[in-house]
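What follows is one structure encoded as structure tokens, with my remarks underneath.
The values are calculated or read from the model by the stated rules, or taken from the named source; none is laboratory data. Because the structure is a prediction, the values reported are computed rather than measured. We place every Cβ from the backbone using ideal geometry, glycine too, and count neighbours over all the protein chains shown. These accessible areas exclude ligands, DNA and RNA; they are computed on the full protein's heavy atoms, side chains included. Shrake-Rupley method; radii C 1.70, N 1.55, O 1.52, S 1.80 Å.
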Amino acid sequence: MCRSVLIDIVSAFPEMFQSVFGESMIKRTVGKGLVTIRIHDLRDYTADRHRQVDDCPFGGGPGMVMKPEPFFEAVEAVRQGKTGAMESRVLLMSPQGSTLTQAKVRELSRIDHLVILCGHYEGVDERVRLYLADEEISIGDYVLTGGELAAMVVVDSLVRLVPGALRVSSLEEESFSRGLLEYPQYTRPREYRGMGVPEILLSGDHERIRRWREQRALQKTRERRPDLLGGQDEK
Ligand code: 9D3
């Protein structure tokens, strides 16, 4: 019952991924063989002497546009040997995409093979989104210089949902899964620079503590994220 997820990332800046993926949870999960992450240099899929990944826009105008061929070649290469039995999806990281949510992360975590394409500021030839990408994903309404950091956010959020990556209990209690913000947490010392800890947490009365946490989580959610409560569409 040990399922493994394959994530192929295609980028013109492959070095950006080393520090993040070489650390922490992602490294441990990859180490257990639950997830395989492969980083591909977009330039390796160019055919010209200059390994050019962008070119001038047809119709004129400022800036450059990322060429389609290296993306198509890269996706074909990483799909080599994949049979139809393995569900594969091509994601284009793009500010025009739909915003990543925990529900989307959950959906993606069920797919065996993800191919994540990273563009950058100049923009990507439209044929990549029309004919190569299955979907476009943004991580929020702010402007990045490229899709690399966004791809890392996708991978980070995904890796922790892969079965075996995390203890079950912490997933069940997880606030965004319940649709609530987290209750306040405290650890030692009981008093620090005159700042105390709510008496109830020291009481040992687990039922009262559970109710207190529930109530505080609700209160915090009402104050800060009322959109998470009351009948709205799952965001
Ligand atoms: C502002 C006009 N365009 C630049 C000529 C648009 C544009 C294209 C590409 C702006 C930024 C980028 C680079 N960003 C991403 O590739 C990106 C992104 C983002 O900027 N914000 C949130 N999520 C994402 S996912 C990929």
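What FRET efficiency do you get for GLU207 and GLN102 if R0 is 25 Å and r is their Cβ-Cβ distance, rounded to the nearest 0.05?
0.30
Compute the Cα gyration tensor for the chain, then decide on rounded, prolate or oblate, letting a ≥ b ≥ c be the square roots of its eigenvalues: rounded whenever a/c is under 1.5, prolate when a/b is larger than b/c in the other cases, and oblate in all that remain.
Prolate, since a/c reaches 1.5 and a/b exceeds b/c.
Taking 0.36 nm per residue of separation and subtracting the Cα-Cα distance, what length does fully extending LEU144 through LYS27 add?
Length gained, LEU144 through LYS27: 39.6 nm.
Could I get the Rg over Rh figure for the stretch 173-229? Both from C-alpha atoms, Rh via Kirkwood, rounded to two places.
1.03
What fraction of the DSSP beta bridges in the chain is antiparallel, stated in percent and rounded to the nearest 5?
If we restrict to bridges inside the chain, about 15 percent are antiparallel.
Per 5 Å bin, what is the whole-percent P(r) computed from every C-alpha pair distance within the stretch 27-100?
Values per bin, smallest distances first: 3, 11, 15, 17, 21, 16, 9, 5, 2, 1, 0.
Straight-line reach only, C-alpha to C-alpha below 18 angstrom: list the aspartates and glutamates that LYS220 could link to, leaving out same-chain residues fewer than 8 apart.
GLU173, GLU174, GLU182
Can you give the FRET efficiency for ALA77 and SER19, using 1/(1 + (r/R0)^6), R0 = 25 Å, r = Cβ-Cβ distance, to the nearest 0.05?
0.50
With every protein chain left in place and a probe of 1.4 Å, what is the accessible surface of ARG216, to the nearest 10 Å²?
80 Å²
Order HIS40, HIS113 by their accessible area, 1.4 angstrom probe, all chains in place, largest first.
HIS40, HIS113
When all protein chains stay in place, what accessible area (Å², nearest 10, 1.4 Å probe) is found for HIS206?
About 140 Å², ignoring ligands and nucleic acids.
So which lysines pass the test for LYS104, namely a Cα distance under 19 Å, with those fewer than 8 places away in the same chain ruled out?
Qualifying lysines at Cα under 19 Å: LYS235.
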